[in-house]
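The values are calculated or read from the model by the stated rules, or taken from the named source; none is laboratory data. The shown structure was predicted, so the numbers you read here are calculated from the model rather than taken from an experiment. Counting neighbours? That spans all protein chains shown, and the Cβs are built from the backbone with ideal geometry, glycine included.
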Ligand code: URP
Ligand code: ZN
Ligand code: ZN
């Protein structure tokens, strides 16, 4: 099957230009000057399908490097399955996700890795890779880290919070970091000081402060900044590359910037919720409404300027990319925490909206068009060992392509664009200038003319290499 995408402006992280994209089978085979011919014949006559991208941007498919499909968490499970979550991702122009295999204390990492393959295989509409969460780092975990790297799982998430669930102590963190320094893998860190948070939570509940807003007030920026600093120091001690997930506090981003200025291999991701939403407006909504936006790290105060600082950090490359931390729960699940915010399942869903929400940053002048492509696709590919195949429009790359209409419009909300398995939208009422028009994954059309043409099982496991982003 040959497809020609004509008339558009091809945008890579390195620049833009008018070009036609020729796809043969699963790969891009050429970027051609517009109107190129073969032996005097129009190319369109030599292909099976023509996609007219006139007046539109043609960009690499989005890569969401932080999702939690079907994740068992807080006594329930994230409401998107691999099928529903990856279908929603495709609708929004994301053609690859990297999901987290979960290993709780007492479980065996390799068994959990096999279990996640069982959950995902045959169900995904887009390609998928895995990171691995390690909860109690034992000798067996270190051995598993080597085996997992050989399997294409080249990044390991550790937690400095959630005692008794995920938390690793500093000694365990250093042990895992030593292994990562040795085998070349990346340590991903949930950087919040769990002991301090647990104390503040107990004090808050003891005072009768049980509403969702206290989830944010008991996870102050100091707890994030301190843990981020500590993680950076432990990474420096061991030589391991460090990737700090879901950065929301200005002061945490500043710690990452300082480490990078020193030349350390430290990276940070933020998420759409930390760019747009706030503690005052969403988490502090009246009654139990704020439960919709309970996630960790929490939404931060707009008055303190965290959101502006996240955009700035993306411009200056102090933060390198934007993932969603897609971990959706229905309100029926969030109800578990009515009267006790600490029991609200942590997480919100955005996998469908990341490309649109970030494009809005182009519209408002926060980031350039090329930076949009870089932080949503090219850098995730490089950071997590997929570059060349993913994250770029170039001959030899997978034909994961999005035709994006800058003159289109997207109204986000239930009954509108929403395809995630949630009974509410954390983004209800958001209006975005721009629209995902056509989505191709490895040459197959997934979305076109407002219709979904994909199928569960199209998505394949991506065996990742080591990070291509290290200094
Ligand atoms: O609230 C969140 N972020 N839920 C998902 C788990 C995590 O820590 O990433
Ligand atoms: Zn986390
Ligand atoms: Zn997460």
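Here are a few things to note about the model shown:
- Check on residue 270, modelled with pLDDT of 95 or more and away from ligand 1 (no atom under 16 Å from the Cβ): no
- Subset tally (residues that are within 14 Å of residue 93 (Cβ to Cβ), more than 16 Å from ligand 3 (Cβ to nearest atom) and assigned to a helix (DSSP H, G or I)) for the range 342-361: 6
- The residues on offer are 105, 121, 114, 144, and the sole one that is more than 30 Å from residue 369 (Cβ to Cβ), surrounded by fewer than 16 Cβ atoms within 10 Å (Cβ to Cβ) and without any contact (Cβ under 8 Å) to a residue 60 or more places away in the chain is 114.
- Residues considered: 137, 102. Of these, the only one that is closer than 23 Å to residue 241 by Cα and either within 19 Å of the chain's Cα centre (by Cα) or within 14 Å of ligand 3 (Cβ to nearest atom) (or both) is 102.
- Residue within the range 379-402 that is surrounded by fewer than 24 Cβ atoms within 10 Å (Cβ to Cβ) and in a helix (DSSP H, G or I) present: yes
- The range 272-307, subset part of a loop (DSSP other than H, G, I, E, B) and within 17 Å of the chain's Cα centre (by Cα), residue nearest to residue 244 (Cα to Cα): 297
- Evaluating residue 367 against the criteria (1) touching a strand residue (DSSP E or B) at 6+ places or on another chain (Cβ under 9 Å); (2) surrounded by fewer than 24 Cβ atoms within 10 Å (Cβ to Cβ); (3) part of a loop (DSSP other than H, G, I, E, B) leaves one unmet condition, (1).
- So residue 339, is it assigned to a loop (DSSP other than H, G, I, E, B), out of contact with any helix residue (DSSP H, G or I) (no Cβ under 6 Å at 6 or more places or on another chain), away from ligand 3 (no atom under 16 Å from the Cβ) and free of Cβ contacts under 8 Å to residues at least 40 places away in the same chain: no
Here's the yes/no breakdown for (1) within 16 Å of ligand 1 (Cβ to nearest atom); (2) out of contact with any strand residue (DSSP E or B) (no Cβ under 8 Å at 6 or more places or on another chain); (3) within 26 Å of residue 340 (Cα to Cα); (4) not assigned by TED's automatic domain parsing to the domain that holds residue 343:
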{"position": "237", "(1), (2), (3), (4)": "no, yes, no, no"}
{"position": "244", "(1), (2), (3), (4)": "yes, no, no, no"}
{"position": "261", "(1), (2), (3), (4)": "no, yes, no, no"}
{"position": "302", "(1), (2), (3), (4)": "no, yes, yes, no"}
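- From 115, 120, 105, residue being more than 16 Å from ligand 1 (Cβ to nearest atom) and farther than 20 Å from residue 351 by Cβ: 115
- Scanning the range 185-226 for residues that are touching a strand residue (DSSP E or B) at 6+ places or on another chain (Cβ under 8 Å) and either more than 30 Å from residue 149 (Cα to Cα) or within 16 Å of ligand 1 (Cβ to nearest atom) (or both) gives 186, 187, 188, 189, 190, 191, 194.
- Segments classed as strands (runs of 3 or more DSSP E), wholly inside the range 1-93, with at least 3 members that are away from ligand 1 (no atom under 16 Å from the Cβ): 2-6, 9-12, 15-18, 20-24, 27-32, 49-52, 57-60
- For residue 345: the one exception among (1) surrounded by fewer than 22 Cβ atoms within 10 Å (Cβ to Cβ); (2) over 30 Å from residue 467 (Cα atoms); (3) in contact with a strand residue (DSSP E or B) (Cβ under 7 Å, 6 or more places away or on another chain): (1)
- Residues of the range 407-438 that turn out to be touching a residue at least 24 places away in the same chain (Cβ under 8 Å) and in a strand (DSSP E or B), as a count: 11
- Where helices (runs of 4 or more DSSP H) fall wholly inside the range 99-194, the ranges with 2 or more residues that are within 16 Å of ligand 2 (Cβ to nearest atom) and over 22 Å from residue 74 (Cβ atoms) are 170-183.
- Scanning the range 67-81 for residues that are within 16 Å of ligand 3 (Cβ to nearest atom) and under 20 Å from residue 456 (Cα atoms) yields 67, 68, 69, 70, 71, 78, 79, 80.
- Flag for residue 327 being within 16 Å of ligand 2 (Cβ to nearest atom), free of Cβ contacts under 8 Å to residues at least 60 places away in the same chain and within 20 Å of residue 69 (Cβ to Cβ): no
- Tally, over the range 15-28, of residues that are touching a residue at least 40 places away in the same chain (Cβ under 8 Å), out of contact with any helix residue (DSSP H, G or I) (no Cβ under 7 Å at 6 or more places or on another chain) and under 22 Å from residue 379 (Cα atoms): 4
- Enumeration of residues in the range 65-90 that are surrounded by 24 or more Cβ atoms within 10 Å (Cβ to Cβ), in contact with a helix residue (DSSP H, G or I) (Cβ under 8 Å, 6 or more places away or on another chain) and within 20 Å of residue 413 (Cβ to Cβ): 80
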